[in-house]
Amino acid sequence: MSSLQASRGTRDIFSPEIAYWHQLESVARRILAQAGYTEIRTPAFESTELFARGIGETSDIVGKEMYTFSDRGDRSLTLRPEGTAGAVRAFIEHKLYAQGGVQRLWYTGAMFRYERPQAGRQRQFHQLGVEVLGSQDPRADAEVIAIASDFLTELGLTDLVVDLNSVGSGEDRAAYREALVEYFTPYASDLDPDSRDRLSRNPLRILDSKDLNTQAIAQAAPSILDYLSVESQKHFERVQALLGDLGIAFKLNPRLVRGLDYYTHTAFEIQSSHLGAQSAVCGGGRYDRLVAELGGPDTPAVGWAIGLERLVLLLQQATSPQGNKAIADLYVVSRGEQAERKSLQVAQSLRRVGFCVELDLSAAKFDKQLKRAANSAIAALILGDAEVATGNLQLKWLSSGQQEAIALSEILNDPHKFRQRLDGAA
């Protein structure tokens, strides 16, 4: 046996777990299409400069977690650690802003961060995200939160809590930054090493610390809500009112600052109690300065991302997967050289008119093939030498065991009628 294994922090996804992935992808496509969002697919790697400028040099992602390499042209490239920077780069490069109005985009795909693997968190992981570019209206903030809430609720999740905060404008953040430096400096020797480093570079990130002693010190730190300008406060109050109108429950969390440097104004997370300490399943907010910082026109924007591995963990705990057991309409059983040759024609003909058909390729005895059929399909079509000679098939209903002769043409000429029979037996 080969000793080759998937690299640490990566994993294979296959049945029965894959059914949960199909379920959430199907629900996401439907809900996002209904809201007017169109899909965008960006490269899996980009210029390292994009993430350094977009995410921020002082973030843990850029400083510690990116997979960066040089190509043969000595260009520094990085596997994407998140989806927003690439979507914004595409928005600028292809001048999507020239179309006018609001661009509603969504994406899904693999992301890459070098961190300690744990439940729901891998080095290669997958995200679903949305970006609304071109609107500073608080309704855009409320809309993306509502869509995330609808998506998660549609999947059957009921234990979700929306944490909400505002990190204000750039000017608000600058004033708050000074207040945090003043507050934490006397405690510098008591902070964890990462937080001591952040004190001079990005003190807001100290509020993100998972160190218990640092968390205790941060409890009495100033609140960002006390440093919001009048305009920032009005925006935040409007978002809260809109969420109330939609019946979306939330709780204010002044310590929620999000992990990426590009956020302004609204910041939010949707959390689940089933994920332990790392409880966030969806995170996002407004990033009005990012497009301009990456060389595009001044463009307000808001969005979110959902970690799909974490979401699958929640689905496995809360629901049964839809389609966990792949049930075919028909299972084609054959034995004998002529029958086996004919069986492929039968299977393909039925597939072409819309039936889900599994063809047994084992050449085993009929009883063994029918035993497999019982776990895979609604009915079995049986071909032997006699069936090839007469042109008729034997149709066996696997739940009842009843069997009858049927001509293939009877099914092919009126597939809708036969579909009704299958649905009645399912």
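The values are calculated or read from the model by the stated rules, or taken from the named source; none is laboratory data. These figures come from a predicted structure and were not determined experimentally. Every residue, glycine among them, receives a Cβ derived from its backbone with ideal geometry; neighbour counts consider all protein chains shown. For the accessible areas, the whole protein counts, side chains as well, though only heavy atoms, and no ligand, DNA or RNA atoms are used. Shrake-Rupley method; radii C 1.70, N 1.55, O 1.52, S 1.80 Å.
At-a-glance table
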quantity: Test: residue in the stretch 295-313 that is modelled with pLDDT under 90, surrounded by fewer than 20 Cβ atoms within 10 Å (Cβ to Cβ) and among the charged types (D, E, K, R); calculated: no
quantity: Hey, Lys371 free of Cβ contacts under 8 Å to residues at least 40 places away in the same chain and not polar (S, T, N, Q) or not; calculated: yes
quantity: Subset of the stretch 215-232 that is assigned to a helix (DSSP H, G or I) and touching a residue at least 12 places away in the same chain (Cβ under 8 Å) - its residue that is farthest from Thr266 (Cα to Cα); calculated: Ile217
quantity: Which listed residue, of Arg89, Arg80, is within 24 Å of Arg310 (Cβ to Cβ) and among the charged types (D, E, K, R); calculated: Arg80
quantity: Residue under evaluation Ala110, criteria (1) under 30 Å from Gln317 (Cα atoms); (2) free of Cβ contacts under 8 Å to residues at least 60 places away in the same chain, criterion not met; calculated: (2)
quantity: Helices (runs of 4 or more DSSP H) wholly inside the stretch 357-426 containing at least 1 residues that are small (Gly, Ala, Ser) and out of contact with any strand residue (DSSP E or B) (no Cβ under 9 Å at 6 or more places or on another chain); calculated: 385-390, 408-413, 415-425
quantity: Residue within the stretch 52-62 that is modelled with pLDDT of 95 or more and within 20 Å of Val130 (Cα to Cα) present; calculated: no
quantity: Any hit, the stretch 191-209, residues being under 28 Å from Ala148 (Cα atoms), under 24 Å from the mean Cα position of the chain (by Cα) and β-branched (Val, Ile, Thr); calculated: no
quantity: Residues being closer than 18 Å to Gly307 by Cα, touching a helix residue (DSSP H, G or I) at 6+ places or on another chain (Cβ under 8 Å) and open to solvent by 40 Å² or more (accessible area, probe 1.4 Å) - total across the stretch 127-156; calculated: 2
quantity: Some residue of the stretch 239-261 being open to solvent by less than 80 Å² (accessible area, probe 1.4 Å), basic (Lys, Arg) and not in a helix (DSSP H, G or I); calculated: yes
quantity: Scan of the stretch 157-208 for residues that are open to solvent by less than 50 Å² (accessible area, probe 1.4 Å), in a helix (DSSP H, G or I) and in contact with an Asp or Glu (Cβ under 8 Å, 6 or more places away or on another chain), ordered by number; calculated: Ser195, Arg205
quantity: Number of positions in the stretch 64-76 that are within 24 Å of the chain's Cα centre (by Cα), hydrophobic (A, V, I, L, M, F, W, C) and not in a loop (DSSP other than H, G, I, E, B); calculated: 0
quantity: Any hit, the stretch 87-95, residues being open to solvent by 50 Å² or more (accessible area, probe 1.4 Å), part of a strand (DSSP E or B) and not β-branched (Val, Ile, Thr); calculated: no
quantity: Matching residues, the stretch 383-396, being open to solvent by 20 Å² or more (accessible area, probe 1.4 Å) and modelled with pLDDT of 95 or more; calculated: Gln394, Lys396
quantity: Odd one out for Ala326 among (1) modelled with pLDDT under 95; (2) in a helix (DSSP H, G or I); (3) surrounded by 12 or more Cβ atoms within 10 Å (Cβ to Cβ); calculated: (2)
quantity: Members of the stretch 100-123 found to be at pLDDT 95 or above and surrounded by fewer than 18 Cβ atoms within 10 Å (Cβ to Cβ), listed by number; calculated: Val102, Gly109, Ala110
quantity: Single match in Arg352, Arg289 (criterion: surrounded by fewer than 22 Cβ atoms within 10 Å (Cβ to Cβ) and modelled with pLDDT under 95); calculated: Arg289
quantity: Qualifying residue in the stretch 338-347 (condition: under 28 Å from His22 (Cα atoms), among the small types (Gly, Ala, Ser) and modelled with pLDDT under 95); calculated: no
quantity: Any hit, the stretch 12-29, residues being open to solvent by less than 60 Å² (accessible area, probe 1.4 Å) and within 27 Å of Tyr262 (Cα to Cα); calculated: yes
quantity: In the stretch 13-36, the residues that are at pLDDT 95 or above and over 15 Å from the mean Cα position of the chain (by Cα); calculated: Ala33, Gln34, Ala35, Gly36
quantity: In the stretch 72-86, the residues that are among the polar types (S, T, N, Q) and open to solvent by 20 Å² or more (accessible area, probe 1.4 Å); calculated: Ser76
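Yes or no, residue by residue, for (1) over 30 Å from Ala28 (Cα atoms); (2) acidic (Asp, Glu); (3) touching a residue at least 40 places away in the same chain (Cβ under 8 Å):
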position: Leu152; (1), (2), (3): no, no, yes
position: Leu157; (1), (2), (3): no, no, yes
position: Ala174; (1), (2), (3): yes, no, no
position: Glu178; (1), (2), (3): yes, yes, no
position: Arg201; (1), (2), (3): yes, no, yes
position: Asn213; (1), (2), (3): yes, no, no
